[in-house]
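*Asks:* My questions will all concern the structure given below.
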Amino acid sequence: MSYGDPSKFVAALYVEEQCYDYSYTREIIKRSSLPVSLVKDHGTPEVDGIYPENLTRGKQSLFLCRNRGRFFKSCPGTREYNCCGYQVLNIGMNCPMDCVYCILQAYLNNPWLSFFVNIEDLFAELDEALQAEPDHVLRVGTGEFTDSLALDRLTGLSRHLIGYICEKENAVLELKTKSAMIDNLCNIDHNGRVIVAWSLNSPVIMGREEIRTATLDERLAAASRCAELGYPIAFHFDPIIWHEGWQDGYRYMIGKIFKAVPKERIVWISLGALRFLPHLKPIAASRFPHSRFFYEEFVEGLDGKSRYFRDQRVEMYKLLVNELNRFISDRTCIYFCMESDVIWQEVFGFTPEEKGGLSNMLDLTWREFHR
């Protein structure tokens with residue numbers, strides 16, 4: 001079943017008492033028309049069962065609360081692999097979609113969806129970060145601990161973020177999603193400073209392992225519409241998963257992209273083969289017993305995550321890169337997410353360091369695209 005709008009899976013709102021009178025909270029409550037339950041300050045919603053068995057049920061509950069930690073921080077990459085220098089804006093935790101491979105199952109211990117409503121603090125942190133580095137363009141994204149747009153029909157956060165970022169000379173915002181929820185991106189001035197990005201996969205993987213997500217056609221139709229609206233577009237093939245017919249599946253997906261979106265509108269495309277914390281496997285296996293890809297052969301990477309063997313990763317990457325090169329614009333950057341110099345050299349013939357580092361590669365791509 002398709003969920004172009006995954007927020008339809010949400011059945012109830014929980015609100016932390018101190019947040020109930022926030023104008024933004026009231027805006028969300030009114031928009032949602034969902035039943036509301038108050039939660040004592042520092043309390044949590046009540047969801048029957050024990051984590052992770054209650055995760056599916058918990059994803060139907062949206063908890064509006066304060067973020068008592070930092071909103072803004074660097075991507076938690078590892079030294080052993082090349083990180084893109086992404087800056088994470090933490091707008092909430094968890095997601096109404098339910099991808100079998102989702103790493104959040106192993107990171108979190110709460111089943112509900114959390115969304116942070118103290119957005120004045122969020123924008124104050126952004127002001128501080130941008131003022132501290134006026135000569136450096138920060139690439140900011142909200143898709144690390146949740147999907148950027150899956151709850152946007154209820155929260156309307158994208159319009160607040162776009163209204164803020166469109167006036168900033170030293171920032172670009174990337175909204176990454178597996179939904180088709182772009183209504184709030186229409187009829188708003190983004191000043192070309194908002195990249196709308198979609199995570200894509202082989203149709204077999206999307207249909208079998210990405211539960212309550214938009215279909216490939218729905219995602220690409222939304223990408224096409226955003227391109228028409230002048231947004232820069234990005235795609236992320238992550239995780240690339242080895243499965244029967246993977247070659248044809250990924251070729252088909254890439255061909256569909258360039259039929260839907262003009263190549264000149266695509267700023268970058270990332271590739272990342274499946275990798276996961278070892279303790280994710282038993283959690284996912286218990287929740288999704290019919291899924292089989294965790295039972296392939298893996299090796300422990302330098303970051304402690306299970307990865308495909310090097311030769312297998314290179315084989316997959318080379319096929320995808322060669323296929324992309326049939327269609328791609330010269331100014332689009334293709335890059336790896338969290339891969340070693342050895343893999344870069346074997347697939348691309350160079351390492352990020354030779355280009356000034358991966359972060360510099362993406363910064364230069366953005367400047368060229370936006371000028």
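*Asks:* Measuring from label point to label point, each 7 Å out along Cα→Cβ, what is the Leu229 to Ser286 span in nm?
*Replies:* 4.1
*Asks:* Which label marks the calculated value of Rg and Dmax of the Cα atoms in Å, given the options [x] 20.0, 57; [y] 20.8, 61; [z] 27.5, 90?
*Replies:* After the calculation, the listed value that fits is [x].
*Asks:* Net charge near Trp268, counting Lys/Arg +1 and Asp/Glu -1 over other residues with Cβ under 14 Å of its Cβ?
*Replies:* Combined, the nearby Lys, Arg, Asp and Glu give +1.
*Asks:* What's the local net charge at Tyr14, with K and R +1, D and E -1, over the other residues with C-beta under 12 Å away?
*Replies:* Details: positive: Lys40; negative: Glu16, Glu17, Glu46.
Once positives and negatives cancel, what remains is -2.
*Asks:* Also: Need one number: nm distance between label points at Glu17 and Lys73, each 7 Å from Cα along Cα→Cβ, rounded to one decimal.
*Replies:* Spacing of the two 7 Å Cα→Cβ label points: 2.9 nm.
*Asks:* Let me check I've understood the local charge: for Glu323, count other residues with C-beta under 15 angstrom from its C-beta, Lys and Arg +1, Asp and Glu -1. What total comes out? It would help to have the intermediate numbers written out before the result.
*Replies:* Details: positive: Arg251, Lys256, Lys259, Lys263, Lys318, Arg326; negative: Asp248, Glu315.
Around Glu323, the charge tally is +4.
*Asks:* Give me the dipole magnitude in Debye, nearest 20, for segment 220-371 about the Cα centre, with unit charges on the beta carbon: positive for Lys and Arg, negative for Asp and Glu. Spell out each step's value before the answer.
*Replies:* Numbers: 20 positive and 20 negative charges, 120 e Å.
For segment 220-371, the charge dipole is close to 580 debye.
*Asks:* Taking the dipole about the Cα centre of segment 315-354, with the C-beta of Lys and Arg at +1 and of Asp and Glu at -1, give me whichever of Leu320, Cys337, Gly349 is farthest to the positive side.
*Replies:* Projecting each Cα onto the dipole axis, the largest value belongs to Leu320.
*Asks:* Right, another one. When DSSP beta bridges are limited to those with both residues in the chain, what percentage is antiparallel, rounded to the nearest 5?
*Replies:* Values: 12 of 50 bridges.
Taking every DSSP beta bridge within the chain, about 25 percent pair in antiparallel fashion.
*Asks:* Calculate the spin-label point distance for Ala221 paired with Glu354, positioning each point 7 Å from the Cα along the beta-carbon direction, and give it in nanometres.
*Replies:* Label at Glu354, label at Ala221, 4.4 nm between them.
*Asks:* How about segment 294-336: which GluC sites (Glu not before Pro) there are in a DSSP loop, with at most 10 other Cβ atoms within 10 Å of their Cβ? Numbers along the way, then the final one.
*Replies:* Working: sites: Glu296, Glu297, Glu300, Glu315, Glu323; in loops: Glu296, Glu297.
Those that pass, being in a loop and sparsely packed, are Glu297.
*Asks:* Something else about it: With a ≥ b ≥ c the root eigenvalues of the C-alpha gyration tensor of segment 212-360, is it rounded (a/c under 1.5), prolate (a/b larger than b/c) or oblate?
*Replies:* On the way: a/c = 1.92, a/b = 1.24, b/c = 1.55.
Judged from the Cα gyration tensor, segment 212-360 comes out oblate (a/c at least 1.5, b/c at or above a/b).
*Asks:* Sticking with this structure for a sec: Given the convex hull of the Cα atoms of segment 268-318, what is a quarter of its surface area in nm²? Write out the running numbers ahead of the final one.
*Replies:* Details: hull surface 18.1 nm².
Mean projected area for segment 268-318: 4.5 nm², to one decimal.
*Asks:* I'd like the FRET efficiency for Ala132 and Thr56, computed as 1/(1 + (r/R0)^6) with the beta carbon distance as r and R0 of 51 Å, rounded to 0.05. Please report the intermediate quantities before stating the final value.
*Replies:* On the way: r = 42 Å, r/R0 = 0.81.
For Ala132 and Thr56, the calculated efficiency is 0.75.
Computed from the coordinates by the stated procedures, all read-outs in this text should not be read as laboratory data. Remember, predicted model here, so these are calculated numbers, not experimental data. Reconstructed Cβ throughout: ideal geometry from the backbone, glycine too, with neighbour counts over all protein chains shown.
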